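Here it is: the structure, laid out below.
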Amino acid sequence: MTNSVTYKYYMPTRIVIGKDCITQNSDIFRTLGKKALIVTGAHSAKRNGSEKDVKTALDSVGIPYQVFDKVMSNPTISCAYEGAKLARENDVDFIIAIGGGSPMDAGKAIALLASQDIAEENLFSGNYEKKVLSMAFVPTTAGTGSEVTQYSILTNDKAQTKTSIASDLLFPTVAFLDAKYTEKLPVETTINTAIDALSHAVEGMLSVRASTISNALASESIRMIMNCVPDMLQALQSGSEGIFNPKKREQLLEASYMAGMVIAQAGTTVVHSMGYSLTYFKDIDHGRTNGLLLGEYLRLVEKSQPELTGRILKAMELSDIDSFQELMRALLGRREDVSPEEITQYSKITMRAKNIANCAVRPTEEDVHEIFERSFLDSSRRSRKKG
Ligand code: NAP
Ligand code: ZN
């Protein structure tokens, strides 16, 4: 007997796409509130024109604002509380987050913490009052899809990893997508963030929560990202981000929000959980960690569900997992050193993550250990030398 189809689909974020879409739709800000907190990283929003466009739009509709530009990469819990304090002190009633995933994730936590008192020990509990500030998001990297997800991922020192606040309250109200802000994104960040988006789409297909709609979005997102791979390889060779034509930048930004819509429905898998240790302990960029690990998880899945990996490889137009690994090697270069002792530590931490339950092929701690080993150790240093 086949199972009948059951799933939920919820995506409340309004999406506005196109060149100059912020200044051309400034009226939307009027619907969000009377005073804004603009949340950014230290530099990029000031350099790529996004913060200026937001300020121009706010000025044109007479909305005052305050700026919080202290969000670091992989934002900390204390950064979110600091931003929320500023929001309360200045009586702002909506948040505009501009940047990569870091300012956007911090912006979500700030929107929550500014509207209700949540003690730090309850921050990841999911038990909140139904109150949050409205949010307008402007992604300036093409990778995380945070502009359309209900997750805010923060560095959690107590758990020695990154932990997500997951709540429907955190879906941004509106996302403005203008690829012109990504034109000067450095080659390495372009590649790492594109691989993050690719990983979201692939992991969404590898999730027990995958559905007809999330798979449709995932396949198209994968196809669009793979279509930009030749530009990425060329940019690596030339060392210049200028190789990308604006159409390709648009494609990456669209593919990234579509992949965000995939994980909003299906969640991520063990690949993200494993990557959080690499970021927490070794400061390896988020998107890069996924590229370093995804291939070996695909190999594990292939053993019991070859038709599933077959569908993913087909969307990538690749013949096998070895070709995928070759591509990752070309895009990511030399892998970092990770010791056998570190692998044992990270494997234990990984098993405590929520995303393990999402995996269509659920890995044991031994499997996770083996994925780490195969991703980082020469065959001579692996504890299990078969295969
Ligand atoms: P990021 O940490 O937001 O930014 C990386 C770097 O890129 C920063 O130095 C930033 O500078 C710079 N940058 C951003 N936009 C730029 C532009 N247009 N031109 C030049 N430089 C630019 O990196 P990210 O990969 O986008 O985000 C990673 C974070 O997102 C991680 O914390 C990850 O856990 C999270 N994430 C969240 C979700 C979700 O669903 N919520 C999904 C995946 C990942 P500034 O600091 O000066 O801005
Ligand atoms: Zn990610």
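The values are calculated or read from the model by the stated rules, or taken from the named source; none is laboratory data. This is a predicted model, so every value here is computed, not measured. Here the Cβ positions follow ideal geometry from the backbone for every residue, glycine too, while neighbour counts run over all protein chains shown.
Please state which one of 90, 48 is closer than 19 Å to residue 147 by Cα and either out of contact with any Phe, Trp or Tyr (no Cβ under 9 Å at 6 or more places or on another chain) or touching a residue at least 40 places away in the same chain (Cβ under 8 Å) (or both).
Being closer than 19 Å to residue 147 by Cα and either out of contact with any Phe, Trp or Tyr (no Cβ under 9 Å at 6 or more places or on another chain) or touching a residue at least 40 places away in the same chain (Cβ under 8 Å) (or both) holds for just one of 90, 48, which is 48.
Quick one: count up the residues across segment 318-334 that are touching a helix residue (DSSP H, G or I) at 6+ places or on another chain (Cβ under 6 Å) and not in a helix (DSSP H, G or I).
Result for segment 318-334: 1.
Sticking with this structure for a sec: What's the number of the condition residue 139 fails, among (1) farther than 26 Å from residue 360 by Cα; (2) over 13 Å from the mean Cα position of the chain (by Cα); (3) within 16 Å of ligand 2 (Cβ to nearest atom); (4) not polar (S, T, N, Q)?
(2)
Output yes when any residue across segment 131-146 is charged (D, E, K, R) and closer than 23 Å to residue 88 by Cβ, and no when none is.
Looking through segment 131-146, at least one residue is charged (D, E, K, R) and closer than 23 Å to residue 88 by Cβ.
Going by the conditions given, is residue 117 away from ligand 1 (no atom under 16 Å from the Cβ), more than 26 Å from residue 185 (Cα to Cα) and touching a strand residue (DSSP E or B) at 6+ places or on another chain (Cβ under 9 Å)?
no
Given the condition more than 22 Å from residue 381 (Cα to Cα), at pLDDT 95 or above and of a type outside the set (A, V, I, L, M), answer yes or no: does some residue in segment 337-347 qualify?
So far as segment 337-347 goes, no, none of its residues is more than 22 Å from residue 381 (Cα to Cα), at pLDDT 95 or above and of a type outside the set (A, V, I, L, M).
Also: For segment 144-165, which positions are under 30 Å from residue 30 (Cβ atoms) and in a strand (DSSP E or B)?
151, 152, 165
For segment 304-317, give me each residue that is touching a residue at least 40 places away in the same chain (Cβ under 8 Å) and assigned to a helix (DSSP H, G or I).
Hits for segment 304-317 are 304, 308, 311, 312, 315, 316.
Among residues belonging to segment 166-177 that are away from ligand 1 (no atom under 11 Å from the Cβ) and in a strand (DSSP E or B), point out the one that is surrounded by the fewest Cβ atoms within 10 Å (Cβ to Cβ).
174
Can you name the number of the only condition in (1) in contact with a strand residue (DSSP E or B) (Cβ under 7 Å, 6 or more places away or on another chain); (2) outside the structural domain of residue 205 (by TED's automatic domain parsing) that residue 383 fails?
Just one mismatch for residue 383, condition (1).
Restricting attention to segment 274-294, and to residues there that are within 11 Å of ligand 2 (Cβ to nearest atom) and among the hydroxyl-bearing types (Ser, Thr, Tyr), which single residue is nearest to residue 19 (Cα to Cα)?
289
Out of 199, 214, I need the residue that is among the small types (Gly, Ala, Ser), outside any loop (DSSP other than H, G, I, E, B) and either away from ligand 1 (no atom under 14 Å from the Cβ) or more than 14 Å from the chain's Cα centre (by Cα) (or both). Which one?
214 is the lone residue from the list that is among the small types (Gly, Ala, Ser), outside any loop (DSSP other than H, G, I, E, B) and either away from ligand 1 (no atom under 14 Å from the Cβ) or more than 14 Å from the chain's Cα centre (by Cα) (or both).
Taking into account only those residues within segment 82-110 that are within 13 Å of ligand 1 (Cβ to nearest atom) and either among the hydrophobic types (A, V, I, L, M, F, W, C) or at pLDDT below 95 (or both), which is farthest from residue 167 (Cα to Cα)?
Here the residue is 98.
Identify the single condition in (1) under 21 Å from the mean Cα position of the chain (by Cα); (2) of a type in the set (A, V, I, L, M, F, W, C); (3) surrounded by 20 or more Cβ atoms within 10 Å (Cβ to Cβ) that residue 349 does not satisfy, given that it satisfies every other one.
(3)
Take the residues of segment 120-137 that are of a type in the set (Phe, Trp, Tyr) and within 16 Å of ligand 1 (Cβ to nearest atom): which is surrounded by the most Cβ atoms within 10 Å (Cβ to Cβ)?
The extreme case among them is 137.
Take the residues in segment 26-45 that are touching a Phe, Trp or Tyr at 6+ places or on another chain (Cβ under 6 Å) and small (Gly, Ala, Ser), then tell me which one is nearest to residue 139 (Cα to Cα).
Per the criteria, the residue is 36.
Please verify whether segment 353-371 includes one or more residues that are part of a helix (DSSP H, G or I), at pLDDT 95 or above and hydroxyl-bearing (Ser, Thr, Tyr).
For segment 353-371, residues part of a helix (DSSP H, G or I), at pLDDT 95 or above and hydroxyl-bearing (Ser, Thr, Tyr): absent.
Could you check segment 82-116 and list, in sequence order, the residues that are more than 13 Å from residue 155 (Cβ to Cβ) and either within 16 Å of ligand 2 (Cβ to nearest atom) or aromatic (Phe, Trp, Tyr) (or both)?
94, 99, 100, 103, 104, 108
Could I ask something else about it? At least 1 residues that are free of Cβ contacts under 8 Å to residues at least 12 places away in the same chain and surrounded by fewer than 20 Cβ atoms within 10 Å (Cβ to Cβ) in each: list the helices (runs of 4 or more DSSP H) lying fully within segment 222-298 that qualify.
By residue number, 229-238, 246-266.
Further, regarding this structure: Which one of 56, 76, 40 is away from ligand 2 (no atom under 16 Å from the Cβ) and buried (at least 20 other Cβ atoms within 10 Å of the Cβ)?
The unique qualifying residue is 40.
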